[in-house]
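Student: Quick one: the structure is below, and I'll ask about it shortly.
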Amino acid sequence: MIWQIKTLDELGFVARGKSKHRPRGDKKLYGGKYPLIQTGDIQKTDFYISEYTNTYNDVGLAQSKLWKKGTLCLSIVGANTAESAILGFDACFPDSVIGFIANPEMSNEIFIKYYFDTMKLQMRKISDGGARENLSMEKLFTFKIPTPPVIIQNKIASILSSYDELIENNKQRIKLLEEMAEEIYKEWFVRLRFPGYVNSKILNGLPYGWEKVRLDDYIKFEKGIEPGSDNYCNEKIDNNYIPFLRVGDLGSRDNCVFVHKDLLKDKILNTDDIAITLDGSVGLVAMNLSGGFSSGVRKIVFKNKNLKRSFIYQTLLSENIQSTIKAHAAGTTILHAGSSINFMKILLPDKIILDKFEEVVNPIIEEILILKGKTQILQETRNLLLPRLISGKLSVNHLVEEELLMVAEPRAEYQNK
């Protein structure tokens with residue numbers, strides 16, 4: 001089947017969002033029933049937008065526009081330029097976002113979303129040049145999109161979205177498990193309703209055998225290293241090169257760099273290590289990472305053998321430690337929170353309770369790590385398929401459309417206006 005070269009405006013309805021009122025932050029616009037999607041909401045999601053942080057009321061809606069569920073959203077301004085996602089519900093968005101609704105005879109929003117994913121670097125490059133990145137519609141329309149017939153677009157969209165649906169399902173399961181572990185931690189160590197608490201003796205306001213301690217007396221926050229960006233490689237050249245984890249890699253960054261292991265001076269994380277960020281995006285906590293790590297990341301090294309991984313992991317995620325980190329984070333453009341280590345104090349239970357907590361929570365954390373590992377494999381497989389399918393190098397002509405798990409999400413109604 002013949003692929004044609006099209007621009008985005010030839011494939012459907014394209015327009016910028018609306019936010020006419022000034023100032024934008026006027027309180028009289030907000031607090032209603034209409035979801036307001038901003039560039040940060042798009043950046044935080046992988047595929048379908050299912051959450052939002054703000055809403056318009058009727059006054060806000062009057063100066064904006066309500067876009068239909070299934071609309072493809074593309075961020076065009078600032079640090080989130082070229083991030084894209086599909087509305088999971090009717091919503092408004094400002095003029096820092098472009099909306100695309102496919103002409104069903106010409107294109108498929110999901111296929112176009114995956115095309116955008118392959119072109120992020122090029123879009124950001126063409127947007128650069130001013131004080132703030134800006135991908136105008138004129139610039140966007142310069143991109144020539146290789147466009148197969150809709151039946152082929154549907155097949156490609158189905159194959160790739162099946163991976164994303166599995167990824168999203170895993171993430172939802174991970175979220176539930178994380179909430180479960182967090183709730184157990186709060187019940188035992190914040191509300192102090194741990195096993196046997198009813199019969200526990202209280203001494204100086206604490207359960208007998210418990211004590212308030214400085215966290216750094218029991219664990220070490222080992223700082224990473226900076227080998228220099230000139231030594232970064234986008235591909236693994238040979239077995240001497242290993243992944244190099246920066247602050248963003250504990251969050252949502254989807255690209256990886258490699259560094260020669262001789263430059264790392266043993267600053268290496270293994271999959272069973274705990275890591276936390278104290279520079280940049282401070283307070284991110286993660287496990288199941290492998291590779292060298294930057295100076296913005298700290299590796300947790302246990303000083304006391306009685307401490308358990310599950311307890312320390314949940315403690316670092318706790319409101320107590322997170323608020324301490326944020327309270328002592330300093331800096332204008334980049335935050336630095338290394339000094340917060342000196343102020344981290346926790347309630348340390350006795351060994352019996354620590355062992356019981358490990359017995360209860362560690363299986364939950366292990367399940368989380370298994371799901372994260374499966375999710376990573378799904379993401380890597382999808383990322384390998386993505387450029388080959390979108391470019392047509394990997395043919396889907398032989399696949400029968402009815403045999404594919406087609407995307408079930410309703411598409412936005414096309415409007416040629």
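The values are calculated or read from the model by the stated rules, or taken from the named source; none is laboratory data. Worth saying up front: this structure is predicted, and the values here are computed from it rather than measured. With ideal geometry, Cβ positions are generated from the backbone for all residues, glycine too; neighbour counts draw on all protein chains shown.
Student: Does the range 303-326 contain any residue that is within 11 Å of Leu278 (Cβ to Cβ), at pLDDT 95 or above, part of a loop (DSSP other than H, G, I, E, B) and out of contact with any Asp or Glu (no Cβ under 9 Å at 6 or more places or on another chain)?
Tutor: Within the range 303-326, not a single residue is within 11 Å of Leu278 (Cβ to Cβ), at pLDDT 95 or above, part of a loop (DSSP other than H, G, I, E, B) and out of contact with any Asp or Glu (no Cβ under 9 Å at 6 or more places or on another chain).
Student: Restrict the check to the range 154-171 and report whether at least one residue is farther than 22 Å from Lys65 by Cα, in contact with a Ser or Thr (Cβ under 6 Å, 6 or more places away or on another chain) and assigned to a helix (DSSP H, G or I).
Tutor: yes
Student: Please go through the range 57-68 and give me each residue that is in contact with a helix residue (DSSP H, G or I) (Cβ under 6 Å, 6 or more places away or on another chain) and buried (at least 17 other Cβ atoms within 10 Å of the Cβ), ordered by number.
Tutor: Of everything in the range 57-68, just one residue is in contact with a helix residue (DSSP H, G or I) (Cβ under 6 Å, 6 or more places away or on another chain) and buried (at least 17 other Cβ atoms within 10 Å of the Cβ), namely Gly60.
Student: Of all residues in the range 310-362, which are loosely packed, with under 14 Cβ neighbours inside 10 Å and polar (S, T, N, Q)?
Tutor: Ser323, Thr332, Thr333, Ser339, Asn342
Student: Can you tell which of Asp117, Asp95 is assigned to a helix (DSSP H, G or I), surrounded by fewer than 22 Cβ atoms within 10 Å (Cβ to Cβ) and of a type outside the set (Val, Ile, Thr)?
Tutor: Asp117
Student: How many of the residues in the range 142-179 are more than 20 Å from Leu386 (Cβ to Cβ) and touching a residue at least 12 places away in the same chain (Cβ under 8 Å)?
Tutor: Qualifying residue count for the region: 5.
Student: Considering the range 130-141 alone, what residues qualify as being without any contact (Cβ under 8 Å) to a residue 24 or more places away in the chain and either outside any loop (DSSP other than H, G, I, E, B) or not small (Gly, Ala, Ser) (or both)?
Tutor: Glu138, Lys139
Student: Based on what the data block shows, is Asp216 touching a helix residue (DSSP H, G or I) at 6+ places or on another chain (Cβ under 6 Å), over 22 Å from Leu121 (Cα atoms) and part of a helix (DSSP H, G or I)?
Tutor: Answer is yes for this residue.
Student: Please work out which residue is modelled with the lowest pLDDT, limiting yourself to the range 386-411 and to residues that are of a type in the set (D, E, K, R) and surrounded by 14 or more Cβ atoms within 10 Å (Cβ to Cβ).
Tutor: Glu409
Student: Please go through the range 235-262 and pick out each residue that is touching a Phe, Trp or Tyr at 6+ places or on another chain (Cβ under 9 Å), outside any strand (DSSP E or B) and over 25 Å from Val282 (Cα atoms).
Tutor: Glu235, Lys236, Ile237, Lys261
Student: Kindly evaluate Phe194 against the criterion of being among the aromatic types (Phe, Trp, Tyr), in the same structural domain as Leu263 (by TED's automatic domain parsing) and either over 22 Å from Leu389 (Cβ atoms) or part of a helix (DSSP H, G or I) (or both).
Tutor: no
Student: Quick check on Ile219: is it crowded, with 16+ Cβ neighbours inside 10 Å and in contact with a strand residue (DSSP E or B) (Cβ under 6 Å, 6 or more places away or on another chain)?
Tutor: Judged against the criteria, Ile219 is a match.
Student: I've got another one for you. Is there any pair with a first residue in the range 296-313 that is assigned by TED's automatic domain parsing to the domain that holds Gly338 and under 17 Å from Ser340 (Cβ atoms) and a second that is surrounded by fewer than 18 Cβ atoms within 10 Å (Cβ to Cβ) and of a type in the set (Gly, Ala, Ser) whose Cβ atoms are under 9 Å apart and which are 6 or more apart or on different chains, and what are they?
Tutor: From the range 296-313, the pairs are Gly296/Ser281.
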